Every structure is written in C-alpha cells, then in structure tokens.
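**Student:** Supplied in structure tokens, the structure appears directly below.
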Amino acid sequence: MTDSRNHHFIPQGYLRGFGSKRGKHHMVIVHDLNDKKTYETNTRNVCAQRDFMRFEFNDRAPDWLETEFGKLESRSVTAIREVVSSGIFDGENKDYILNLMALLAVRSPEQRENMREFQARVAQRMMDLVLSKKEHWESQMEEMKEKTGKSSLVTYEEAKNFHMRGEYKIEVARERHIQTEIGLHHTVLQLLGQRKWTLYIVSGDYGEFITTNRPVVIAYINPESVPLLLRHSPGFGLKNTEIYFPLTSRALLIGRWT
C-alpha cells in the first residue's frame with residue numbers, strides 16, 4: 001500500500017510513545033490476542049487499514065479528510081509530549097488531547113463492524129416484512145416504479161428465495177461510517193470535557209503503561225452495583241464510570257465526574 005492509502009485509525013505519532021526508535025524506524029512490541037502472537041514491528045504496520053478514511057467527495061480529493069484529521073492528530077501528539085514533559089494537563093494542550101480521545105473513542109474497525117451488523121439486522125427484518133406477503137412486495141415495487149420510472153426485473157418468488165438462502169452480506173458505505181463518527185465525535189468530546197482529569201506520570205522503576213487498538217477505555221467504578229448484562233457496555237455519559245487513556249508508556253489520564 002502507498003502511504004496515502006495506508007490510513008492509521010490510531011496515529012503513528014501516538015503509538016511511538018509506547019515504543020523505541022531504531023535507526024529511521026519507530027518500533028513497538030505487539031501482543032495479538034486474536035492470533036496469540038507477540039512480535040516487534042514498525043508503527044506503520046499496526047492499527048492501520050487501507051482507505052480507512054477515504055471519502056468520495058464531489059469537489060475534493062478522496063484523501064482530504066485523512067489529511068485534515070492528520071493535522072489534528074499531529075498537533076494532539078505534540079500536546080501529549082508537552083503535557084508529559086510539564087506534568088500539567090490544562091489549556092490548549094488539554095483541548096487537543098480531549099479531541100484526540102473523542103476521535104479514537106468513536107473511530108475503529110470494530111466500531112464500524114458493530115454498526116454494520118446492527119444496520120444489517122434492521123435491513124433483514126425489513127425484508128422479512130416486505131417478503132412476508134406477495135402483496136407487500138408488489139406494493140413496494142409499484143412505489144419504486146413511481147419514484148424512479150423503472151420496473152423490477154426480479155420476481156417476488158426470486159427475491160424471497162434469495163433472501164431465504166441468506167447468501168449475501170449487507171454492507172454500509174464507508175462514507176456513512178465516517179459521517180456517523182464525525183457526529184459522535186462532537187457528542188463524546190462534550191462529555192469528556194465535563195469530567196475531572198487526573199494525570200499520572202511514572203518512572204521506569206514502577207513499570208510502564210501500554211496502549212491498545214481501543215485506547216480510550218471506559219469502565220464502571222463499582223461494577224458490582226450494575227446488572228450483569230450491562231457491565232460490559234458503559235456509556236460516556238453515565239455517572240458511575242471512569243475513563244482511562246494512556247498518553248505514553250510513562251503517563252496516563254483518568255477522568256471521573258468528581
């Protein structure tokens with residue numbers, strides 16, 4: 001992949017805070033929990049996906065968003081370095097870091113797949129209803145013809161047979177994912193700004209922090225008080241929660257409501 005197509009959903013500059021420089025490259029140790037492997041690699045090779053932020057505009061280059069978000073990410077990484085150096089989490093640096101946190105909280109391949117699965121289930125239920133009776137199908141086809149002037153080339157029997165076989169996968173356009181993430185970013189950013197943040201900085205004598213492909217971690221403070229079925233899905237606006245965000249291998253932010 002060329003550099004312009006290899007989009008990091010976790011910025012390389014951020015990942016470098018958890019690795020070491022070797023020659024021209026920044027190396028990190030990766031623990032792959034899915035494949036149960038541990039290996040060392042260049043930050044370019046992790047937390048990236050081809051065309052992850054590619055957006056087909058009418059009047060702009062497809063990588064315009066990736067470039068613009070890259071500017072925010074770059075400034076946020078600088079803010080992290082300044083905060084870790086000064087020990088002060090405040091002012092403009094705080095604003096940039098909270099913006100980065102909000103972005104990382106809503107933007108990930110896992111989040112997109114969860115959204116796709118939800119919308120696929122909704123679409124499948126709708127098709128169940130449309131295909132439950134031939135009259136429903138014909139009514140929908142008539143409505144489509146009125147709007148587009150085109151008739152369906154697929155019969156009711158063919159459509160129902162195809163749907164019942166389930167040999168298809170419903171996809172969500174990448175642009176739709178990105179639009180949703182931009183909307184969620186604003187909401188999450190507001191909630192992050194309302195929390196009280198504590199900065200922890202450690203020396204190598206006390207171990208190091210690590211990060212993940214989902215670095216903004218939200219957890220219940222008293223999970224035993226939460227029904228078992230809800231313990232794994234806390235929301236950013238819930239009061240009985242705290243948020244962890246490792247800045248580097250030596251620094252960590254924790255956000256609480258009080």
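FYI, it's all coordinate maths here, none of it is from the lab. The structure presented is a predicted model; accordingly, all values stated were derived computationally and were not measured. Here Cβ is always computed from backbone atoms with ideal geometry, including for glycine, and neighbour counts include all displayed protein chains.
**Student:** No solvent, one uniform scatterer per C-alpha: report log10 I(q)/I(0) for the chain via the Debye equation at q = 0.08, 0.10, 0.17 1/Å, two decimals.
**Tutor:** -0.45, -0.66, -1.39
**Student:** Now for a different question. Have a look at 159, 139, 199 and report the one farthest towards the positive end of the charge dipole of the chain, computed about the Cα centre with Cβ charges (Lys/Arg +1, Asp/Glu -1).
**Tutor:** It is 199, whose Cα lies furthest towards the positive end.
**Student:** Kindly state, as a whole number, the per residue volume in cubic angstrom of the convex hull around the alpha carbon atoms of segment 113-165.
**Tutor:** Convex hull volume per residue, Cα atoms: 93 Å³.
**Student:** Right, next: Please report the spacing between the Cα centers of segment 134-160 and segment 187-245 in Å, no decimals.
**Tutor:** Going from one Cα centre to the other spans 50 Å.
**Student:** If Lys and Arg each add +1 and Asp and Glu each add -1, what is the summed charge of the other residues whose beta carbon sits under 12 Å from the beta carbon of residue 123?
**Tutor:** Residues close to residue 123 contribute a combined charge of +1.
**Student:** Here is a further query. In terms of Cα to Cα distance under 23 Å, which lysines are near enough to residue 94, apart from those fewer than 8 places away along the same chain?
**Tutor:** Cα-Cα hits under 23 Å: 71, 196, 239.
**Student:** Right, another one. For segment 156-207, which GluC sites (Glu not before Pro) are both in a DSSP coil and crowded by at most 11 other Cβ atoms within 10 Å?
**Tutor:** The qualifying sites are 167, 171.
**Student:** Follow-up question, since we're still on this one. How are the Cα pair distances of segment 188-258 distributed, in percent, across 10 Å bins from 0?
**Tutor:** Values per bin, smallest distances first: 19, 44, 30, 6.
**Student:** Work out how much length residue 163 to residue 224 would gain on full extension: take 0.36 nm times their residue separation and subtract the Cα-Cα distance, in nm to one decimal. List each step's numbers first, then the result.
**Tutor:** On the way: separation 61, 0.36 × 61 = 21.96 nm, distance 4.32 nm.
Taking 0.36 nm per residue and subtracting the Cα distance, the gain is 17.6 nm.
**Student:** Something else now. Please give the charge dipole size of the chain, origin at the Cα centre, charges +1 on K and R Cβ atoms and -1 on D and E Cβ atoms. Round to the nearest 20 debye.
**Tutor:** 460
**Student:** OK, next. Can you spot the lysines whose alpha carbon is less than 24 Å from residue 133's alpha carbon? Ignore those fewer than 8 places along the same chain.
**Tutor:** Here the lysines satisfying the reach criterion relative to residue 133 are 145, 147, 150, 160, 169.
**Student:** If you don't mind, another one. Which residues make up the longest stretch of the chain clear of chymotrypsin sites (Phe, Trp or Tyr not before Pro) that lie in a DSSP loop with no more than 15 other Cβ atoms within 10 Å, not counting the sites?
**Tutor:** Counting at most 15 other Cβ atoms within 10 Å as exposed, the longest clean stretch of the chain is 58-167.
**Student:** Add +1 for every Lys or Arg and -1 for every Asp or Glu among the other residues with Cβ under 9 Å from the Cβ of residue 134, and state the total.
**Tutor:** On the way: positive: 133, 160; negative: 135, 138, 157.
Residues near residue 134 contribute -1 overall.
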